[in-house]
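Contents: one structure, followed by commentary.
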Amino acid sequence: MNTIEMEVDVLVIGGGTAGPMAAAKAKEKNPALRVLVMEKANVKRSGAISMGMDGLNNAVIPGHATPEQYVKEITVANDGIVNQKTVMKYATSSFDMIQELDSWGVKFEKDETGDYAVKKVHHIGTYVLPMPEGHNMKKVLYRQLKKRRVEITNRLMATRLLLDEGGAIAGAMAVDSRTADFYVIRSKTVILATGAAGRLGMPSSGYLFGTYENPTNAGDGYSLAYHAGAELSGIECFQINPLIKDYNGPSCAYVTGPFGGYTANANGDRFIECDYWSGQMMMEFYKELEGGNGPVFLKMDHLAEETISTIEEILHTNERPSRGRFHEGRGLDYRTGMVEMHISEIGLCSGHSGSGVWVNEHAETTVPGLYAAGDLACVPHNYMLGAFVYGKLAGESAAEYCASHALPPVDNAQVEAERKRVWGPLDVVDGLPPGQVEYKLRRMVNDYLQPPKVTRKMEIGLQRFAEIEEDLSRMSATNPHELMRAMEIHAIRDCAEMAAQASLYRKESRWGLYHYRVDYPEKNDADWFVHVQVKKDANGNMSCFTRPIEPYIVALDEEEKTAYQKLRIVKEPAAA
Amino acid sequence: MTYALNRVTVPVTVDEEKCIAAKGCTVCVDVCPLDILAIDLAKGTAYMKFDECWYCMPCEKDCPTGAVHVDIPYLLR
């Protein structure tokens, strides 16, 4: 096994959605920069959109929606806890990004006049733009990387960031999942685009890789940012999604909703006004699932044949195409039966909820030279288009930083310590198999952190996670692939501890099911209308603290504030 | 420490008649996000080496000869 040294200006970690955009935009800003995309899988088919995407969930298109309206919608959908400046930056950049993607060859649905065919799925505004031919997304991005001469390394997993004396970015270290070679990459800037922490809870099937998120998104970036001293925010606002039971992928109500499909209970009755994913929606979903009218289904069997064929065409060729194969195996046809739904395991993801690495409206984290974009960057409900917008911002910000900073020297002590940690499992004889440690850790996450959250349970969970930390150095890896899995478990354990600490710190309930604390069941704006941040303190301990909410730039009226609190359909009593 | 060998069925199967790994093709191995496929050098065909599948299908879609088939893992079926 070798140690390989490299030198670049901009190191992008993660080649899924935000990462390629960040690299392309850094290069566009200054073609002389050395830009490297480092990917754990292969850029051609990596990340959350490896098989494309069936639509934009948050398109802010003139004539259909305004940035102000969108900022309001996300503010109330995320129960007030947002830095509106970051959401506004997304909203005002959204349409330009759609047009740029359109010019790159991404196909969006248009009506007969050539206007974008936007659909209403959210509670207040209209933002969903279907992409019936969205399966070629990765090809489009890959072409842009090649065209701009961005360097790419595949099968490298970043394990720790390098810092200079002042705590600014000096590069990153990584391990090759095929050879176990150790990489020391010096760089002026690092852009984190590693996606969600999607391998945190265990799916109820018990299959470790049957997760909602692409399971290669194990939370590496959350751990990298934490150990570099960056602030993370809203970690207690878990990602929990309504999914096809057992298959554990989206059903997907955003696609079927505009065609007339809806979420129903066992009687086939609609029980929520709006299928847009929010903590409040998930709370109603949870109540129905556990109640006498449960479980919950996606209902399409009342739709016309041609509508169902169209839905099948979209759902069975995009994003998660194997869902068609799953239904076929169970003998389910959308025409004659409803799709049984369930609640996912917990994860961390700002693309869907609000848990991520803290960034401002320039995609800057709290560490100089470190930027974040996509599912791991804390801009609530940012989805794929938000990943592209913040990828662009991160690439441009990093390029600017490079212009005024020299390449920092490497601290050999950091390199030695990390190489020892990373290669450790290869030297352990007769150690614990990583798969077994992961199974136990994620089962404990389910037992102690899955909402409803109970204080004493989360405290016990922290004890278990501390015990598992002791086990990490007893893991042995018999090959480089298993070594990658072992290093991922370090990151998953960090995420579990952050999830417990942040959840214990916020002593109220908020975001519906995402942070439902049984012993503090009410929302408490007087004390907790704040961000909760997690950070590694000067002594190396995990600490939580609050950050005030910046004054809103778009005011909400009283009616709007409560829109997401009233999702359950109230039935009129039958006339006597 | 002693270890047990547990048998599991895997969701990705490869038609050995159609697979052209012996000619140097590694497309399915390259595109897998989880890096769970490998080439059996003795047989000259691809196979699923690690039981860590997301049933996402790039291996099947990108295979030039249609040799790869992705099933839903048994535990989820």
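What residue, of B:D30, B:D35, B:D62, is within 14 Å of chain A (Cβ to nearest Cβ), in contact with an Asp or Glu (Cβ under 9 Å, 6 or more places away or on another chain) and open to solvent by less than 20 Å² (accessible area, probe 1.4 Å)? Outline the logic, then answer.
Working: B:D30 fails: open to solvent by less than 20 Å² (accessible area, probe 1.4 Å); B:D62 fails: open to solvent by less than 20 Å² (accessible area, probe 1.4 Å).
B:D35 is the lone residue from the list that is within 14 Å of chain A (Cβ to nearest Cβ), in contact with an Asp or Glu (Cβ under 9 Å, 6 or more places away or on another chain) and open to solvent by less than 20 Å² (accessible area, probe 1.4 Å).
Scan (1) part of a loop (DSSP other than H, G, I, E, B); (2) under 26 Å from A:T366 (Cβ atoms); (3) more than 12 Å from the chain's Cα centre (by Cα) for the single condition A:I235 breaks and write down its number.
So the condition that A:I235 fails would be (3).
Among the residues that make up region A:302-312, is at least one of them buried (at least 24 other Cβ atoms within 10 Å of the Cβ) and not aromatic (F, W, Y)? Even if it seems obvious, please write down each step before you answer.
Step one: filter region A:302-312 for residues buried (at least 24 other Cβ atoms within 10 Å of the Cβ), giving none.
So far as region A:302-312 goes, no, none of its residues is buried (at least 24 other Cβ atoms within 10 Å of the Cβ) and not aromatic (F, W, Y).
Within region A:232-261, how many residues are β-branched (V, I, T) and open to solvent by 30 Å² or more (accessible area, probe 1.4 Å)? Explain how you work it out, then say what you get.
Keep residues of region A:232-261 that are β-branched (V, I, T), which gives A:235, A:240, A:244, A:255-256.
Next cut, open to solvent by 30 Å² or more (accessible area, probe 1.4 Å) only: none.
The number of residues fulfilling the criteria is 0.
In the set A:S94, A:S50, A:S46, which member is touching a Cys at 6+ places or on another chain (Cβ under 6 Å), open to solvent by less than 10 Å² (accessible area, probe 1.4 Å) and either closer than 23 Å to A:K138 by Cβ or not aliphatic (A, V, I, L, M) (or both)?
Being touching a Cys at 6+ places or on another chain (Cβ under 6 Å), open to solvent by less than 10 Å² (accessible area, probe 1.4 Å) and either closer than 23 Å to A:K138 by Cβ or not aliphatic (A, V, I, L, M) (or both) holds for just one of A:S94, A:S50, A:S46, which is A:S50.
Restricting attention to region A:213-229, and to residues there that are part of a loop (DSSP other than H, G, I, E, B) and surrounded by fewer than 24 Cβ atoms within 10 Å (Cβ to Cβ), which single residue is nearest to the other protein chains (Cβ to nearest Cβ)?
Step one: of region A:213-229, the residues part of a loop (DSSP other than H, G, I, E, B) are A:213-217, A:219, A:228-229.
Those left that are additionally surrounded by fewer than 24 Cβ atoms within 10 Å (Cβ to Cβ): A:215, A:229.
On the way: A:P215: 5, A:G229: 30 Å.
Restricting to residues being part of a loop (DSSP other than H, G, I, E, B) and surrounded by fewer than 24 Cβ atoms within 10 Å (Cβ to Cβ), the top hit is A:P215.
Which of the residues that make up region A:55-82 are closer than 18 Å to A:P258 by Cβ and either under 17 Å from the mean Cα position of the chain (by Cα) or hydrophobic (A, V, I, L, M, F, W, C) (or both)?
Selection gives A:G55, A:L56, A:N57, A:N58, A:A59, A:V60, A:I61, A:A65.
Within region A:467-497, take every residue that is free of Cβ contacts under 8 Å to residues at least 12 places away in the same chain and either assigned to a helix (DSSP H, G or I) or under 21 Å from the mean Cα position of the chain (by Cα) (or both) and give me the one that is nearest to the other protein chains (Cβ to nearest Cβ).
Top of the filtered list is A:E470.
Could you tell me whether any residue of region A:194-202 is within 14 Å of chain B (Cβ to nearest Cβ) and not in a loop (DSSP other than H, G, I, E, B)?
Here is the first cut: in region A:194-202, the residues within 14 Å of chain B (Cβ to nearest Cβ) are A:194-196, A:198-199, A:202.
Within this subset, residues satisfying the condition of being not in a loop (DSSP other than H, G, I, E, B) are none.
No - not one qualifying residue is present in region A:194-202.
Just give me the residues in region A:317-348 being of a type in the set (S, T, N, Q), surrounded by fewer than 19 Cβ atoms within 10 Å (Cβ to Cβ) and within 14 Å of chain B (Cβ to nearest Cβ), in sequence order. Quick ask: steps written out before the conclusion?
Just the residues of region A:317-348 that are of a type in the set (S, T, N, Q), to begin with: A:317-318, A:322, A:336, A:344.
Restricting the remaining residues to those that are surrounded by fewer than 19 Cβ atoms within 10 Å (Cβ to Cβ) gives A:317, A:336.
Within region A:317-348, just A:T317 meets the criteria.
Looking only at region B:1-59, count every residue that is in a loop (DSSP other than H, G, I, E, B) and among the small types (G, A, S) and tell me the total. Please lay out each step first, then the result.
Taking region B:1-59 first, the residues in a loop (DSSP other than H, G, I, E, B) are B:1-11, B:15-20, B:24-26, B:32-36, B:41-44, B:49-57.
Subset that is among the small types (G, A, S): B:4, B:24, B:42, B:44.
Going through region B:1-59 one residue at a time, the tally reaches 4.
Working carefully through the options A:G351, A:G369, A:G431, find the one that is open to solvent by less than 10 Å² (accessible area, probe 1.4 Å) and at pLDDT below 95.
Working: A:G369 fails: at pLDDT below 95; A:G431 fails: at pLDDT below 95.
Result: A:G351 is the single residue among A:G351, A:G369, A:G431 that is open to solvent by less than 10 Å² (accessible area, probe 1.4 Å) and at pLDDT below 95.
Hey, does region A:382-404 have a residue that's within 14 Å of chain B (Cβ to nearest Cβ) and either assigned to a helix (DSSP H, G or I) or aromatic (F, W, Y) (or both)? Full working, then the answer.
First, pick out the residues of region A:382-404 that are within 14 Å of chain B (Cβ to nearest Cβ): none.
No, because not a single residue in region A:382-404 is within 14 Å of chain B (Cβ to nearest Cβ) and either assigned to a helix (DSSP H, G or I) or aromatic (F, W, Y) (or both).
Can you go through A:L472, A:L513, A:L567 and tell me which one is over 24 Å from A:Q280 (Cβ atoms) and crowded, with 19+ Cβ neighbours inside 10 Å?
Details: A:L513 fails: over 24 Å from A:Q280 (Cβ atoms); A:L567 fails: over 24 Å from A:Q280 (Cβ atoms).
So the residue among A:L472, A:L513, A:L567 that is over 24 Å from A:Q280 (Cβ atoms) and crowded, with 19+ Cβ neighbours inside 10 Å is A:L472.
For residues in region A:111-138 being charged (D, E, K, R) and without any contact (Cβ under 8 Å) to a residue 24 or more places away in the chain, which is farthest from A:A399 (Cα to Cα)? Steps first, please.
Of region A:111-138, the ones charged (D, E, K, R) are A:111-112, A:115, A:119-120, A:133, A:138.
This time we only want the ones that are without any contact (Cβ under 8 Å) to a residue 24 or more places away in the chain, so: A:111-112.
Working: A:D111: 38, A:E112: 41 Å.
The selected residue is A:E112.
Taking interchain pairs and intrachain pairs at least six residues apart, which have beta carbon atoms under 7 angstrom, with the first residue in region A:155-182 and aliphatic (A, V, I, L, M) and the second at pLDDT below 95 and open to solvent by 20 Å² or more (accessible area, probe 1.4 Å)?
A:A180/A:M1
Given the criterion open to solvent by 50 Å² or more (accessible area, probe 1.4 Å), assigned by TED's automatic domain parsing to the domain that holds A:S50 and out of contact with any His (no Cβ under 6 Å at 6 or more places or on another chain), identify the matching residue among A:Q84, A:Q99. Give the derivation first.
Details: A:Q84 fails: open to solvent by 50 Å² or more (accessible area, probe 1.4 Å).
Answer to the check: A:Q99.
Which one of these is over 30 Å from A:A168 (Cβ atoms) and open to solvent by less than 10 Å² (accessible area, probe 1.4 Å): A:A377, A:A264?
A:A264
The values are calculated or read from the model by the stated rules, or taken from the named source; none is laboratory data. Small disclaimer: the values here were computed from a predicted structure and weren't measured. Every residue, glycine among them, receives a Cβ derived from its backbone with ideal geometry; neighbour counts consider all protein chains shown. For accessibility, only protein heavy atoms count, side chains too; no ligands or nucleic acids. Shrake-Rupley method; radii C 1.70, N 1.55, O 1.52, S 1.80 Å.
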